[in-house]
Structures are given as C-alpha cells and as structure tokens.
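Q: Right, I'll just put the structure down here and ask away after.
The values are calculated or read from the model by the stated rules, or taken from the named source; none is laboratory data. In this text the structure is predicted, and so the values were computed from the model without any measurement. Here the Cβ positions follow ideal geometry from the backbone for every residue, glycine too, while neighbour counts run over all protein chains shown. The area values use the complete protein model at the heavy-atom level, side chains included, leaving out ligands, DNA and RNA. Shrake-Rupley method; radii C 1.70, N 1.55, O 1.52, S 1.80 Å.
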Amino acid sequence: MPIGTAVHARTFPLCESLNFREWSGYYAVSAYEAHHEHEYNAIRNAAALIDVSPLFKYVISGKDAVKLVDRVITRDAYALAVGQVYYTPWCDEHGKVIDDGTVTRVAEDTFRWTAADPSLRWFTQNALGLNVAIDDISEQVAALALQGPTSAGLLDAVAEADIRSLKYFRMTRGAIAGVPVEISRTGYTGDLGYEIWMPWARAIEVWDALMIGGRPFGIHPAGMLALDVARVEAGLLLIDVDFHGSKKALVESQKYSPFEMGLGRLVRLDKRPFVGCQALTEEHRRGPGRRIVGLEISWLAMEKLYDDVGMAPQISAAASRVAVPVYRHGRQIGRATTTAWSPVLKKLIALATIAAPYASEGTSVEFEITVEAVRHPVPATVVKTPFFNPDRKTALPAPTRRG
C-alpha cells in the first residue's frame, strides 16, 4: 500500500482527478485534472511544480568518497567540481547499465546521489576497503522539480539564493520561506528548470512558498502524465520502459549498455578502472549491435489510414509505453518503447531500440500502428534526440527587473 510523500497534504486535495500511481512505495499524482493539458502547458510555457520526492537519495562521504563514486560511475568523478552535477549511468561487471541518475558534489568529500531504483547494496558492495560512509537519505530529504520558462524568475523572487548566475548542471544553497534548501539546475523535462532539495519535515513550507509566490509566473502543479510527454520530447529514457536495469532484467535482451542507450559520451574509458570498464572497452572497439534512437512518424500517413476507415486520428494525449514493432522493408529491426504526440512540435515521436545498421540519422523505417484491429506499416525517420531542445534550457536567464 503506497504512502504519501512529504507534500501529500498539498498534492492530495489539489488532485481533482484522484488519478494517482505508485512510485517507489509512494503516491504520485498522474494528473491533477481530468486531462493533463494544463500541466504540460505549464512545463513548456510557464512554471510547473512536480513532486519528485520518491527518488532514492544517498549521501556518500568520507576521505575515499570520490574513489567510490569514480569506481562505480562511467564518468570521471575526480573531474566533478564542488557544486557541479553529473548525469551518469553505472554498470555491472558486464558493462550493462544497472541504473542512471545524478551525482552532485556538494563538498570536497561529499556527494549526493539520486537513483530510480534502490542502490544502497550495490554502493556498499563496491565500498569494501574504502574509508567512506553511505547514508540512505531517501526519507529525510524531499525533492521538488520546478520546471518551465518562468521558473528562474519565480525562484529569483521567492528564494534567498543566487539563481541568476546558476549554470546548467550546477547547484547552489539558499533558503525558501526560511527553510534551508539546495537548488540544482537540473530536471527531467528538457527545459529551463530546477530541482529543490529540502528537509522532509519542512517540505510543505517550501511547496506553499512556491505556489503562492508563483502565481504571477503561471505556476501549476504537474503530474506524471505531463512529465512523461515532456521527457520523451527531451529524449530522456525511462527505466523499466525504454531500458531495464541489469539487476532486474528477466532476459539478456532487456539489458542495455551505455553505448546502446546513446550515452557513449558519458563513458570515460581512459580514466581509472571502474565497474564494467573492460566489457565496455571491448564493446566500444566492435561497436554496439543496437541503439536507442528517436523516430519521427509520418502524420500524413497516419491520418490517411484513419481517413480511409472514416475516422479522425485516434491518438492518445498520454505517452504510450506499449512496445511497437519497427520494420525496414518488411523485416523487423527493432521496437519503439515510448510513443507520444508532441504538442509543442506538432509531431508524433517515439524512442526506439533499432539494430545498429539502421540506427543512423535520416534512415527510413516503418512504424507499426493498428487501426480498427488491422496492423499497418507507417513511414518513419530516425532522427537525432532531443526532439525539443530550447536555448533557454542551458542559457543563463535574463535579469529580472525589480520594482
């Protein structure tokens, strides 16, 4: 039975739809209203407040903290500056991804680590022989994601913190409504946005300050349905949907390497040895056999299929997590794992696992759709992700005039 997060006393009465889901043992709002349209629009046009407290959170500290982090992740932990955040995968000894998440260097010998799945045992196993402490702070620290083009102005008005000079994938400290917080310029929407970390017991104070202070900035609470569409537009992968963590995979084909996930840029084979390094070195030499790519699906072809049976296109506003076959000249070469209509792009897009020979940008493939119980191939094109990548995501926000 799920339990409420640190801000459940606020999210529950706001959730008019009573549409919840379970996330790591907690209630998470799927959509606050009957439809998630307003929530998605807040992410892309104003400011959306998303409760991401169910994330697993750990603090790695001690003299050998950087050694442990560097031993586990595929990136160079020694190059991570204090106040900087990494997005990174971590792998098993076969080079298959266990999970992905963020690692923040909050002090010289202290790191905050977030994960989708429980990771305490894996970190502890790899800490043998090291002078390091590993603390699970998942139930002590709450997290709120404030995402959207007006989020910087909102935080600048509400928080006692240096928001305007906070760079992409950096963090700062401050206070909101007198509550000490850490603010990182990170998120899962591919837009301008921040994640705010605070004591679990005082999260409602921060929520209230953001909701009240955010009214001039068009703030709206947002749930998982809106977030799902935004993360597909951003080309961000979801565990147990677009890939499976190697510890939970049922068969080998469900396991993915960083190269297969399109995360080769995050693998530093020239750094000190790390878990999975040898296997990844061999894979890098021969090349991955498949890759996760973006697909743009021909809307005109989709529309014609529905028109031929006398119907308007029946496309859900929610992202679909149903696997769909992808073909090349009638032969299956992969599958789409998440498909979504992008309101901001006005396109039907998908994240798909494709055999390597057909994963190059611009390759023409066929995407299977079903209309009135009849399956049809529809033209699609392999494209570069992210699908949506606004300049504001990484640019420093413009100064706010204060009257």
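Q: Grab the other residues whose beta carbon is less than 13 angstrom from that of residue 83, score K and R as +1, D and E as -1, and report the net. Walk me through the numbers on the way to the answer.
A: Values: positive: 105, 112, 167, 170, 173, 185; negative: 108, 162, 182.
Spelling it out: positives minus negatives among the neighbours equals +3.
Q: Please tell me which of these pairs span more than 27 angstrom C-alpha to C-alpha: 63/96; 63/271; 304/346; 67/96? Could you put the intermediate results ahead of the total?
A: Details: 63/96 29 Å; 63/271 20 Å; 304/346 17 Å; 67/96 21 Å.
Pairs exceeding the cut-off: 63/96.
Q: Using a 1.4 angstrom probe on the protein heavy atoms only, could you order 78, 86 from most to least accessible area? Don't skip to the end; give the middle numbers.
A: Details: 78 100, 86 15 Å².
Ranking 78, 86 by accessible area, largest first, yields 78, 86.
Q: Can I ask one more? For the chain, which whole percent of the accessible surface, found with a 1.4 angstrom probe, sits on carbon and sulfur atoms? Each step should come with its number before you reach the end.
A: Details: 9310 of 17580 Å².
After summing per-atom areas, the C and S share lands at 53 percent.
Q: Which peptide among 352-364, 31-43 comes first, and what is the full order, when sorted by highest mean count of other Cβ atoms within 10 Å? Walk me through the numbers on the way to the answer.
A: On the way: 352-364: 16.5, 31-43: 20.7.
Per-residue Cβ counts within 10 Å, averaged per peptide and sorted highest first, yield 31-43, 352-364.
Q: Right, another one. Rounded to whole Hz and in sequence order, give me ³J(HN,Hα) for the stretch 240-255 from the Karplus expression 6.51 cos²θ - 1.76 cosθ + 1.60, θ = phi - 60°, writing x for Gly and Pro.
A: 6, 10, 8, 8, 10, x, 5, 6, 10, 4, 8, 9, 4, 5, 7, 8
Q: Okay, moving on. Which of the lysines could a cross-linker bridge to residue 167, judged by Cα under 16 Å and excluding same-chain residues fewer than eight apart?
A: Correct list for residue 167: 393.
Q: Give me the accessible area per residue for the chain, probe 1.4 Å, as a whole number in Å². Write down the numbers at each step before the final one.
A: Working: 17580 Å² over 403 residues.
With all protein chains present, the chain gives 44 Å² per residue.
Q: Ranking request for peptides 166-175, 122-131, 101-110: highest mean number of other beta-carbon atoms within 10 Å first, then the rest in descending order.
A: Numbers: 166-175: 16.5, 122-131: 14.3, 101-110: 18.3.
Answer by packing, highest mean first, reads 101-110, 166-175, 122-131.
Q: For a test of the definition: using alpha carbon positions, the gyration tensor, and the 1.5 limit on a/c, classify the chain as rounded, prolate or oblate. Don't skip to the answer; put the middle values down first.
A: Working: a/c = 1.82, a/b = 1.15, b/c = 1.58.
Cα axes put the chain in the oblate bin.
Q: Separate question: Quick one: 3J(HN,Hα) in Hz for the stretch 378-388, Karplus 6.51/-1.76/1.60 with θ = phi - 60°, rounded, Gly and Pro as x.
A: Listing the rounded values in order: 10, x, 9, 10, 6, 10, 6, 9, x, 5, 10 Hz.
Q: Rank these residues by their accessible area, most exposed first, probe 1.4 Å: 370, 88. Walk me through the numbers on the way to the answer.
A: Values: 370 75, 88 0 Å².
I get 370, 88, largest accessible area first.
Q: Sticking with this structure for a sec: Excluding residue 230 itself, calculate the net charge of residues whose Cβ lies under 12 Å from the Cβ of residue 230, where each Lys or Arg counts +1 and each Asp or Glu counts -1. Walk me through the numbers before you get to the answer.
A: Numbers: positive: 44, 231, 393; negative: 39, 191, 228, 233.
With Lys, Arg at +1 and Asp, Glu at -1, the neighbours total -1.
Q: Could you work out the local net charge near residue 206, counting Lys and Arg as +1, Asp and Glu as -1, over the other residues with Cβ closer than 13 Å to its Cβ?
A: Values: positive: 10, 202; negative: 51, 160, 182, 195, 205, 208.
After counting each charged neighbour, the total is -4.
Q: Name the shape class, rounded, prolate or oblate, that the alpha-carbon gyration tensor gives for the stretch 125-178, where a ≥ b ≥ c are the square roots of its eigenvalues, rounded holds for a/c under 1.5, and otherwise prolate holds if a/b is larger than b/c and oblate otherwise.
A: Working: a/c = 2.74, a/b = 2.30, b/c = 1.19.
Verdict is prolate for the stretch 125-178.
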